[in-house]
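Student: Below are the structure tokens for one structure; questions will follow.
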Amino acid sequence: MLKKIIRLLLSRRALVILLLILQAWFAGYVIWHAGIRNNLAAMGLTLLSFVVVLYIVNRSDRESFKLSWVIFVLAVPLFGGALYFMFRIQSAARRRRKAMQQSHNLARAALVQDESVRRELAEVSPLWVNQVNYLIDVPGFPVYKNTETEYFDDGMKFFERLLEVVKEAKHYIFIEVFIIRPGWMWNTLESLLVEKAKAGVEVRLIYDDMGCFMSVPGNFDKRLRSLGIKCIKFNPFRPFWSTLQNNRDHRKIIVVDGKVALTGGFNFGDEYVGKIIRFGHWKDAGILLRGDAAWSFAVFFLEMWNGTLHTSEDFNLFRPDRHQERPERSDEPAISPLGYVQPYADSPMDNENTGEHVYRRILSNARRYVYITTPYLILDDTLLSSLELTAKCGIDVRIITPAIPDKKLVHITTRSYYRQLLAAGVRIFEYTPGFIHSKTFISDDVTATVGTINLDYRSLYLHFECGVLLHQVPAIADIKRDFLETQAKCKEITLENSKVNFLTRAMQIFMRLCAPLM
């Protein structure tokens, strides 16, 4: 035990945390004592806070972000304005934004919409075409047909199919993930990836360093490169304050040869496949795409790879039709029996809240029902209003959240929204067997989305995320079945059993105020 404690204290994690604490203490000490001991310095810091408040109010950020920062700055004027200035005004963030924008421009050129598919969808389902057109015309994500879909409601089923797909790889394997936690799941996959790399398949991996900070050593990427896997860690976690630490790569993407892609809520940890128990039964969701739409996920991965390394690799080198002829389009049926599939990504660098817009359009287009699963329910006024209005219009809106949380303070904040939503007619259920990590919307048996985007501030506005919008796809029936089977294992929340005592309510109010800054 003593050796473990010593190793922990001498580890990279402990050193980084210590340096961050020292920075925070030193900055606070200097600013506070300068203000206390020097009236001129105090006046300058207070004036800076006043200027910062005016700057915040005039930014185009979400109102909830602005309100939280304004309250904080005004509450501690000697410290708040200087902290905001140090935290938000950073050249590194501007350089990252520029690199990601250049990479996105290359990616957009590689994603070309087949206009015949757009016209066909407009004829088949005019109600939903505006949502599809938004994703095509604004962020630049095509809609495809000729794509098979397979939905997974269980981690082991997802992982078994992932291994099968990886074994099929002939040219390349791309993997992008938020968390890697060494154990049976990761070790099994790593062994297969090393085997494929030795066989000549190009294997690339991106993992988020913040997401893996407590689970893998600092030289994890170097070890994988020594095994033949091209690996980069996104946004290396360094011991200094930076807004970049807020912009994490929360995406989960697996692409094989540009022909098959998987995404969803699954990271690489044994709790996802039921090998260990964390927070009760871990419930999650994922989806496999085989066909034309897989190319979009290959582009998403390469966009992140280029943006992280500041390179401009040619996306066309990875097109699946470089290796075999594509079937003639003339033999295809007039209407795709496989439905329509539209992968999309979300970036905090482009000022376009794509994930939120997808969710809001599903709510506004619904005619009968919208069923939602999410591990976190921390909403700004816009999305909260959309949920309330949809329910008030007579639409059956149901949300499943966990009964056993992975983060207690976040769960307290989630529950703070219950009474307001219940009063508007939204039905809320808590998954009593454990923690539900699925991120799904489904509406009217015709449209659904599966991906990585939680209903919280981080996922919607701060993280890199991805998902896939499905329309008239056979897998939608499986998503609905999974929701209803999961609901049967839940406890329904009512206005009566959602009541809390004064102290809990005070904590909820405080946590909601702080939520945009968490």
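Residue by residue, here is whether (1) in contact with a strand residue (DSSP E or B) (Cβ under 8 Å, 6 or more places away or on another chain); (2) part of a helix (DSSP H, G or I); (3) without any contact (Cβ under 8 Å) to a residue 60 or more places away in the chain holds:
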site: SER459; (1), (2), (3): yes, yes, no
site: CYS466; (1), (2), (3): yes, no, no
site: ALA477; (1), (2), (3): no, yes, yes
site: LYS491; (1), (2), (3): yes, no, no
site: LEU495; (1), (2), (3): no, no, no
site: ILE509; (1), (2), (3): no, yes, no
site: ALA515; (1), (2), (3): no, yes, no
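Student: Looking for something among the polar types (S, T, N, Q) and surrounded by fewer than 22 Cβ atoms within 10 Å (Cβ to Cβ) - is there at least one such residue anywhere in the range 458-465?
Tutor: no
Student: Go through the range 196-220 residue by residue and tally those that are over 21 Å from ARG458 (Cα atoms) and either among the acidic types (Asp, Glu) or not assigned by TED's automatic domain parsing to the domain that holds LYS233 (or both).
Tutor: Number satisfying all stated conditions: 1.
Student: Please go through the range 189-215 and give me each residue that is among the hydroxyl-bearing types (Ser, Thr, Tyr) and within 25 Å of the chain's Cα centre (by Cα), ordered by number.
Tutor: Those that are among the hydroxyl-bearing types (Ser, Thr, Tyr) and within 25 Å of the chain's Cα centre (by Cα): TYR207, SER215.
Student: Now for a different question. Listed residues ALA488, ALA424; which is over 27 Å from HIS281 (Cβ atoms), small (Gly, Ala, Ser) and out of contact with any His (no Cβ under 8 Å at 6 or more places or on another chain)?
Tutor: ALA424
Student: If you scan the range 118-135, which residues turn out to be hydrophobic (A, V, I, L, M, F, W, C) and surrounded by fewer than 20 Cβ atoms within 10 Å (Cβ to Cβ)?
Tutor: ALA122, VAL124, LEU127, VAL129
Student: Tell me which residues, restricted to the range 270-301, are more than 22 Å from VAL473 (Cβ to Cβ) and under 17 Å from the mean Cα position of the chain (by Cα). Break it down stepwise before answering.
Tutor: The initial filter retains those residues of the range 270-301 that are more than 22 Å from VAL473 (Cβ to Cβ), namely 270-282, 301.
TYR272, PHE301, listed by residue number.
Student: Also, I was wondering about something else. Using beta carbons and a limit of 9 Å, which pairs, at least six apart or on different chains, have the first residue in the range 375-389 and within 12 Å of ALA515 (Cβ to Cβ) and the second one β-branched (Val, Ile, Thr) and modelled with pLDDT of 95 or more?
Tutor: Short answer, once both residue conditions are applied: TYR376/THR401; LEU377/ILE399; LEU377/THR401; LEU377/ILE428.
Student: When you look at GLU303, is it under 17 Å from PHE159 (Cβ atoms), in a helix (DSSP H, G or I) and either of a type in the set (Asp, Glu) or outside the structural domain of LEU469 (by TED's automatic domain parsing) (or both), yes or no?
Tutor: On the way: under 17 Å from PHE159 (Cβ atoms): no; in a helix (DSSP H, G or I): yes; either of a type in the set (Asp, Glu) or outside the structural domain of LEU469 (by TED's automatic domain parsing) (or both): yes.
In short, no.
Student: Picking from GLY291, GLY258, which residue would you name as being in contact with a Pro (Cβ under 6 Å, 6 or more places away or on another chain), at pLDDT 95 or above and either at positive phi or of a type in the set (Asp, Glu) (or both)?
Tutor: GLY258
Student: Now a separate question. Quick one: which residue in MET156, MET185 is in contact with a Phe, Trp or Tyr (Cβ under 7 Å, 6 or more places away or on another chain) and either modelled with pLDDT of 95 or more or not in a helix (DSSP H, G or I) (or both)?
Tutor: Working: MET156 fails: in contact with a Phe, Trp or Tyr (Cβ under 7 Å, 6 or more places away or on another chain).
Being in contact with a Phe, Trp or Tyr (Cβ under 7 Å, 6 or more places away or on another chain) and either modelled with pLDDT of 95 or more or not in a helix (DSSP H, G or I) (or both) holds for just one of MET156, MET185, which is MET185.
Student: Please work out which residue is farthest from GLY425 (Cα to Cα), limiting yourself to the range 492-509 and to residues that are β-branched (Val, Ile, Thr) and in contact with a helix residue (DSSP H, G or I) (Cβ under 9 Å, 6 or more places away or on another chain).
Tutor: THR504
Student: Within the range 248-277, which residues are assigned to a helix (DSSP H, G or I) and not hydroxyl-bearing (Ser, Thr, Tyr)?
Tutor: Listed by number, the residues that qualify are ASP270, GLU271, VAL273.
Student: On to the next question. In the range 162-174, is there at least one residue being under 22 Å from SER347 (Cβ atoms) and surrounded by 17 or more Cβ atoms within 10 Å (Cβ to Cβ)?
Tutor: Here is the first cut: in the range 162-174, the ones under 22 Å from SER347 (Cβ atoms) are 174.
If we keep only those that are surrounded by 17 or more Cβ atoms within 10 Å (Cβ to Cβ) as well, we get 174.
Looking for residues that are under 22 Å from SER347 (Cβ atoms) and surrounded by 17 or more Cβ atoms within 10 Å (Cβ to Cβ), one finds at least one in the range 162-174, hence yes.
Student: Does THR401 fit the bill of being closer than 21 Å to ARG62 by Cβ and crowded, with 22+ Cβ neighbours inside 10 Å? Walk me through it before giving the result.
Tutor: Values: closer than 21 Å to ARG62 by Cβ: no; crowded, with 22+ Cβ neighbours inside 10 Å: yes.
For THR401, the condition - closer than 21 Å to ARG62 by Cβ and crowded, with 22+ Cβ neighbours inside 10 Å - is not met.
Student: Identify, please: which residue in the range 260-290 is in contact with a Gly (Cβ under 9 Å, 6 or more places away or on another chain) and small (Gly, Ala, Ser) and is, among those, farthest from LYS407 (Cα to Cα)?
Tutor: Per the stated criteria, the residue is GLY286.
Student: Is it fair to say LYS233 is surrounded by fewer than 17 Cβ atoms within 10 Å (Cβ to Cβ) and farther than 18 Å from PHE159 by Cα?
Tutor: Numbers: surrounded by fewer than 17 Cβ atoms within 10 Å (Cβ to Cβ): no; farther than 18 Å from PHE159 by Cα: yes.
In short, no.
Student: Based on this model, can you work out whether TYR151 counts as assigned by TED's automatic domain parsing to the domain that holds LEU288 and hydroxyl-bearing (Ser, Thr, Tyr)? Reasoning before the result, please.
Tutor: On the way: assigned by TED's automatic domain parsing to the domain that holds LEU288: yes; hydroxyl-bearing (Ser, Thr, Tyr): yes.
Spelling it out, TYR151 is indeed assigned by TED's automatic domain parsing to the domain that holds LEU288 and hydroxyl-bearing (Ser, Thr, Tyr).
The values are calculated or read from the model by the stated rules, or taken from the named source; none is laboratory data. Keep in mind that this is a model prediction, so the values were computed, not measured. All Cβ positions, glycine included, derive from the backbone under ideal geometry; neighbour counts span all protein chains shown.
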